[in-house]
1. At a threshold of 8 angstrom on Cα-Cα distance, excluding pairs fewer than six apart, so keeping six or more, what relative contact order does region 101-169 reach in percent?
2. Using unit Cβ charges (K, R positive; D, E negative) and no other charged atoms, how large, in debye to the nearest 20, is the dipole of region 124-169 about its Cα centre?
3. With the Cα gyration tensor of region 45-133 giving a ≥ b ≥ c as the square roots of its eigenvalues, does the rule (a/c under 1.5 for rounded; else a/b larger than b/c for prolate; else oblate) give rounded, prolate or oblate?
4. Please report, in debye to the nearest 20, how large the charge dipole of region 37-169 is about its Cα centre when each Lys and Arg carries +1 at its beta carbon and each Asp and Glu carries -1 there.
5. Which of the three applies to region 128-169, rounded, prolate or oblate, going by the alpha-carbon gyration tensor with a ≥ b ≥ c and a/c under 1.5 meaning rounded?
6. For region 42-96, rounded, prolate or oblate, judged on the Cα gyration tensor with a ≥ b ≥ c (square roots of eigenvalues), a/c < 1.5 rounded, else prolate if a/b > b/c?
7. Percent relative contact order of region 51-169, based on C-alpha pairs within less than 8 angstrom and at least six residues apart?
8. With every protein chain kept in the model, how would you rank THR125, THR163 by accessible area, 1.4 Å probe, largest at the top?
Amino acid sequence: MKTLTLKFVSLILLSVFSLVACTKDDSDLVFTETAETVDINSVSYSKIELEILDLVNKHRVDLGLTPLQSLTIISGVADGHTKYMIQVGQINHDNFDQRAQILMNDANAKSVAENVAYGYNSAETVVNGWLNSESHRAVIENPNFTHFGISTESNSEGRNFFTQIFIKK
């Protein structure tokens, strides 16, 4: 199976905060049962989500890379996963192959990657957490990606879960 990087690259603990990155190209996708849903009609961006998108693009531009365009379909897929992580009570890449396949079919993605995180309270801290991790930074700085989406939700204890998905069209 051909992948851009190792699947389920790493679980990194920064104090009580967690980050995980995952990537996949368009070969050998496997489907699993999931409680995740995709609803692009309800996608709207919160302040923290818009800040994350802006900070990622600012970082890319500072490196001379092309800024990414946000797509509602990507954020809708990310939102389904964020809600799923809250439902199961942990950050993960469960059903990543299914999310990648949806984006390959519905957004014409050629490759897909995602970064997830838990516990951060601001856009700056979660983006810095991703940038301080080699595998997450590699996803953000991948010059082949063209589009991205984001989802952030809080669980019942007020802890934030994040899913950011990147695609190459």
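1. Computed value for region 101-169: 45 percent relative contact order.
2. 220
3. In terms of gyration-tensor shape, oblate.
4. Charge dipole of region 37-169: 280 debye, to the nearest 20.
5. It is oblate, given that a/c is not under 1.5 and a/b is not larger than b/c.
6. Prolate.
7. 39
8. Heavy-atom accessible area, descending, gives THR125, THR163.
The values are calculated or read from the model by the stated rules, or taken from the named source; none is laboratory data. Fair warning: this is a prediction, and the values are worked out from it, not measured in the lab. Neighbour counts are summed over all protein chains in view; Cβ atoms, including those assigned to glycine, are modelled from backbone coordinates with ideal geometry. Ligands, DNA and RNA are stripped out before the accessible areas are found, and what is left, the full protein with its side chains, is counted by its heavy atoms. Shrake-Rupley method; radii C 1.70, N 1.55, O 1.52, S 1.80 Å.
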